[in-house]
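The values are calculated or read from the model by the stated rules, or taken from the named source; none is laboratory data. Here the structure is a predicted model, which is why all the values come from computation and not from measurement. So basically every Cβ, Gly included, is an ideal-geometry build from the backbone, and we count neighbours across all protein chains shown.
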Amino acid sequence: MQLLDGKATSAQLKAEIAEKVAEIKAANGKVPHLAAVIVGDDGGSHTYVNNKVRTCEQLGFESTLITLPEECTEEELLQKVDELNKNDDIDGFIVQVPLPAHIDEDKVTEAINPDKDVDGFHPQNLGRMMLGLPTYISATPNGILELLKRNGITTSGKHCVVVGRSNIVGTPMSILMSRNAEPGNCTVTMVHSRTQNMQEICASADILIVAIGKPEFIKADMVKEGAVVIDVGTTRVPDASKPKGFALKGDVDFEDVKDKCSFITPVPGGVGPMTIASLMQNTLLAVERKANR
Ligand code: GUN
């Protein structure tokens, strides 16, 4: 078994991005500017967003963090989105999800200017991704593609099973893995909560990508000998022995399956750092596209 080290791979990618940022800055004095909006107090979401802001600083980006209270109305959030759409200094922005239940997530996503939608969540960008047209590919799926590519994992002709059908990971991932591209060219099966023979299908995967948010759901009997296993899950599980009182658990029972895999992503240190690096890559792309408009 070899670890697919997202920390090391994202460090390569981030170094390349930082170099391009320095070039842009030397050429015209401007640096990419990413804004992030977070609503409410969810600890996990704050950790992700703080990591995104910290990475901006490391790579020479400008960043703006907008924190809104849990009670913020949909109207107030839409107002903020409108301001960010109109602010010429901001190249791209994200609204961290999940949002509080009283806010319609789809309405907020659709209000984001697709040119600034560096999350790639807007229907226009998702539609373009589906058609293979130039767009922003959502950070987690794109980070996984980059991780596979940079670690020399061939995907063509392989059976890829995607566990989970979320709009931000499972659904785009299944489309990207089936595209006529490298990485891609897989035969893809998507499984979800209503799938009847989950164990059997997962155990037939050459590449198993799991994004369901259920800690340690995938056990050894669901993994084929020699499979590549990508674990997108990061659930906080109470653990009194940890300084913060919780441990981060993936959707894969790492200890149970590790000896069966050819490659596996650890949690933390696998998909997470790749997601952040991909968001930075999309923000850089936003700057390049703006210059060519
Ligand atoms: N919540 C979990 N992952 C993401 C992400 O990639 N972007 C946003 N905006 N929210 C998320």
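Of all the numbered requirements in (1) touching a residue at least 60 places away in the same chain (Cβ under 8 Å); (2) within 13 Å of the ligand (Cβ to nearest atom), Leu59 misses one, and that requirement is (2).
Based on what the data block shows, is Lys258 crowded, with 19+ Cβ neighbours inside 10 Å, over 18 Å from Leu148 (Cβ atoms) and either among the β-branched types (Val, Ile, Thr) or touching a residue at least 24 places away in the same chain (Cβ under 8 Å) (or both)? Working first, answer last.
Details: crowded, with 19+ Cβ neighbours inside 10 Å: no; over 18 Å from Leu148 (Cβ atoms): yes; either among the β-branched types (Val, Ile, Thr) or touching a residue at least 24 places away in the same chain (Cβ under 8 Å) (or both): yes.
For Lys258, the condition - crowded, with 19+ Cβ neighbours inside 10 Å, over 18 Å from Leu148 (Cβ atoms) and either among the β-branched types (Val, Ile, Thr) or touching a residue at least 24 places away in the same chain (Cβ under 8 Å) (or both) - is not met.
Count of segment 47-64 residues, restricted to those that are touching a strand residue (DSSP E or B) at 6+ places or on another chain (Cβ under 8 Å) and surrounded by 15 or more Cβ atoms within 10 Å (Cβ to Cβ), is 8. For Gly184, are the conditions met, namely being free of Cβ contacts under 8 Å to residues at least 40 places away in the same chain, at positive phi and loosely packed, with under 15 Cβ neighbours inside 10 Å? So Gly184 fails the test.
The helices (runs of 4 or more DSSP H) falling completely within segment 82-154 include none with 2 or more residues that are free of Cβ contacts under 8 Å to residues at least 40 places away in the same chain and small (Gly, Ala, Ser).
Just one of Thr154, Thr140, Thr171 is within 30 Å of Ile201 (Cα to Cα) and more than 17 Å from the chain's Cα centre (by Cα); which is it? Even if it seems obvious, please write down each step before you answer.
Working: Thr140 fails: more than 17 Å from the chain's Cα centre (by Cα); Thr171 fails: more than 17 Å from the chain's Cα centre (by Cα).
The match here is Thr154.
Taking the condition surrounded by 15 or more Cβ atoms within 10 Å (Cβ to Cβ), away from the ligand (no atom under 15 Å from the Cβ) and not in a loop (DSSP other than H, G, I, E, B), does Val237 pass?
Details: surrounded by 15 or more Cβ atoms within 10 Å (Cβ to Cβ): no; away from the ligand (no atom under 15 Å from the Cβ): yes; not in a loop (DSSP other than H, G, I, E, B): yes.
So Val237 fails the test.
One line per residue, one yes/no per condition, for (1) at pLDDT 95 or above; (2) within 13 Å of the ligand (Cβ to nearest atom); (3) touching a Ser or Thr at 6+ places or on another chain (Cβ under 7 Å):
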| residue | (1), (2), (3) |
| --- | --- |
| Ala101 | yes, no, no |
| Glu110 | yes, no, no |
| Asp115 | yes, no, no |
| His122 | yes, yes, yes |
| Leu133 | yes, no, no |
| Ile144 | yes, yes, no |
| Leu147 | yes, no, yes |
| Thr154 | yes, no, no |
| Arg165 | yes, no, yes |
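Does Lys20 satisfy being touching a residue at least 12 places away in the same chain (Cβ under 8 Å), at negative phi and either over 19 Å from the mean Cα position of the chain (by Cα) or not in a helix (DSSP H, G or I) (or both)?
Working: touching a residue at least 12 places away in the same chain (Cβ under 8 Å): yes; at negative phi: yes; either over 19 Å from the mean Cα position of the chain (by Cα) or not in a helix (DSSP H, G or I) (or both): yes.
Criteria met by Lys20.
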